[in-house]
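Report on the following structure.
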């Protein structure tokens, strides 16, 4: 089910690829994000603080931008401080 969300995002960004859950798992593991068994829900990632920090670090490293800016997000602030990337409205 979640892979359909990812495919919708890719389609919205003009991509012509379709991904399947197993492929997503391989890519996530390559980035250091491992899924685990979540009971009857199948496999997934628990979004602990450590995982959220890692995701923000990866986004910053790969220069992934989002339309959803949250200036109060502690992980975004940490990532910006590490790179010296200060938002325009703060400069």
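Laboratory data are not the source of any read-out in this text; all were calculated from the coordinates shown. What you see is a predicted model; the values in this text were computed from it and never measured. Reconstructed Cβ throughout: ideal geometry from the backbone, glycine too, with neighbour counts over all protein chains shown.
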The extension gain from residue 13 to residue 61, computed as 0.36 nm times the residue separation minus the Cα-Cα distance, is 15.3 nm
Inter-label distance for residue 52 and residue 27, nm, one decimal - labels placed 7 Å from Cα along Cα-to-Cβ
2.3 nm
In whole Å, largest first, what are the principal axis extents of the Cα atoms in the range 1-46?
33, 23, 15
Computed D for the range 19-82, Stokes-Einstein, Kirkwood radius over alpha-carbon pairs, 20 °C, 1.002 mPa s, to the nearest µm² per second, is 163 µm²/s
Kindly rank 17-26, 35-44, 51-60, 71-80 from highest to lowest mean number of other beta carbons found within 10 Å of each residue.
51-60, 71-80, 17-26, 35-44
